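The values are calculated or read from the model by the stated rules, or taken from the named source; none is laboratory data. Everything numeric in this text was worked out from a predicted model, so none of it was measured. Note that each Cβ is placed from the backbone with ideal geometry, even for glycine, and that neighbours are counted across all protein chains shown. For accessibility, only protein heavy atoms count, side chains too; no ligands or nucleic acids. Shrake-Rupley method; radii C 1.70, N 1.55, O 1.52, S 1.80 Å.
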Amino acid sequence: MSLFEVPGWSLPAAPVAQQSKKRKRGPVKEKDSEPDDVDQAQLMKAAQKNIEKLMQSLGASTDALEGEDVERSNKKQRSGKEKKAKGSAAEPEGLGAAVREGKKDRKREKGKGKEMPTTKESTKDRMVVVPPTNSEPSQKKQKPKQPQKTIPKQKAHRAAEPGPSHDDAVDQSPSRAGDADLLAPKKSKKKSKDDTQQGLTALQTNMKKSLDGARFRWINEMLYKSESAKARELMSSDPAVFADYHTGFRHQVESWPTNPVSHYISILSSYPSKTVVADLGCGDAALARSLIPKGIAVLSFDLVSDDAYVIEADTCVRVPLPGSERSLSASADATSEEDGEGQVVDVVVCALSLMGTNWPGCIREAWRILKAGGELKVAEVASRFSSVDDFTSFVCSFGFKLTSKDERNTHFALFEFKKMSRKRKGEKEWTKLMGRGSILKPCEYKRR
């Protein structure tokens, strides 16, 4: 009985051996290695034969190319010799010898590095000019020298020489457009005097202009949409309002094609020196400043005085000048006409000054202070007129006659009236006329 034998159990005589999973290599066969060696040897021989054939074909092609090059060079040499032979046959003997001698001389001089000057050799009947040698380059073939930047010492040295050469001029000129821009002085942006004095930046300057424009529009709207008494009260309490308005007005004038004040200055300059002009709503008295030096008396009136040319007055209520108008009384004849008394003014100018809702009072005052036959000149913005005919007929009802009108300008309309005798009017008639100020619309500037 074996060692591990158990009763009732039966085991096979020998245990089953487990096979390993590793792949076993077979033994190397000597007979199989021989054919591989034979194949490799055959491949080597075949490769050598292919290389030899390739080399032979390449050698043949290079030989053919060399032969073609030789033939070409031979042909060139032959053609050159034929041309020389033809040329020598066509040349006279003396000329050919001279040319050959000249060539020899040029070769000698070329070897020495010297320039061969142009020489003349006499033959029997001709003069032969030997052309310049290759060592003497012609001006046409010379390439322009590139401009070189010179230092100040070289420029000073050249300036001391008797005369500047072409090369010096090239050196001193800038080589590029960029150099010229760098050499040119840069233009500085000039600021206005007011901005410079106030020390404002560009942004602050633009903001200030916007604020000034808004303030001008506000003052302008107030002057046109209220009575003259209210505007006078405002400007009397704050004189800066008057200055700010006319500063903005001058800025607006710069964008106009023409200025009516300049038009009247040119016209009145031709009037006699003793002419008396009343400028109602004069502003900064530009008319007086231009005409008084020419001998014309100009009386300027506006809401604020400048203590020089301008007299403070409300021209829509009362102008401080002599003149009278008689109203219709119960005892007076309604058909009688009058011209007034005591007037001293020859011309009344209202250049863009019919402002305020009571502007018809200015026309009434103009008739009162004008001499008989005196002139009334009115310039107004074209956009204010609903009807030009209604405006002219309304002015004529105060005792004027329309003599001319000019509507050619896109911005303004110009009118000239002459004072005429008129019938006396009662208070009811005057009240009715003074209430028709809506014939002219207020002048409003666009908000930007």
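In this structure region 235-372 gives 44 Å² per residue of accessible area when probed at 1.4 Å with all protein chains present.
Toward the positive end of the charge dipole of region 200-265, with +1 on the Cβ of Lys and Arg and -1 on the Cβ of Asp and Glu, the farthest Cα among Gln204, His251, Ala214 is that of Gln204. Placing +1 on each Lys and Arg Cβ and -1 on each Asp and Glu Cβ, with no other charges, gives region 369-448 a dipole about its Cα centre of roughly 240 debye. Here the dipole of region 250-357 is about 420 debye; that uses its Cα centre as origin and unit charges on the Cβ of Lys and Arg (positive) and Asp and Glu (negative). Remark: region 228-240, residue by residue, has Karplus-estimated 3J(HN,Hα) of 5, 5, 5, 5, 5, 5, 5, 6, 5, 6, 9, x, 5 Hz, where x stands for each Gly or Pro and the curve is 6.51 cos²θ - 1.76 cosθ + 1.60 at θ = phi - 60°. Think of each Lys and Arg Cβ as +1 and each Asp and Glu Cβ as -1; about the Cα centre, that makes the dipole of region 306-389 roughly 180 debye. Considering only the other residues whose Cβ falls under 12 Å of the Cβ of Ser438, what net charge follows from Lys and Arg at +1 and Asp and Glu at -1? Residues close to Ser438 contribute a combined charge of +3.
From the square roots a ≥ b ≥ c of the eigenvalues of the alpha-carbon gyration tensor of region 222-280, which class results: rounded (a/c under 1.5), prolate (a/b over b/c), or oblate? The shape class here is oblate. The residue among Ala313, Ala366, Val347 whose Cα reaches farthest toward the positive pole of the charge dipole of region 292-409, with charges on the beta-carbon of Lys, Arg, Asp and Glu, is Val347. Packing around the peptides 365-377, 240-252, taken as the average count of other Cβ atoms within 10 Å per residue, puts them in this order, highest first: 365-377, 240-252.
With the full set of protein chains in place, find how many percent of the accessible area of region 298-393 is carbon and sulfur; take the probe as 1.4 Å.
Carbon and sulfur together cover 48 percent of it.
The residues Asp307, Asp339, sorted by heavy-atom accessible surface at 1.4 Å with ligands and nucleic acids left out, run Asp307, Asp339 from largest to smallest. Proximity of backbone amide H atoms, modeled 1.01 Å from N, is registered between Ser300 and Asp279, Ile311 at under 5 Å, excluding neighbours fewer than 5 places apart on the same chain. What shape does region 303-406 have by the C-alpha gyration tensor, where a ≥ b ≥ c are the square roots of the eigenvalues, rounded means a/c under 1.5, and otherwise prolate means a/b greater than b/c and oblate the rest? It is oblate, given that a/c is not under 1.5 and a/b is not larger than b/c.
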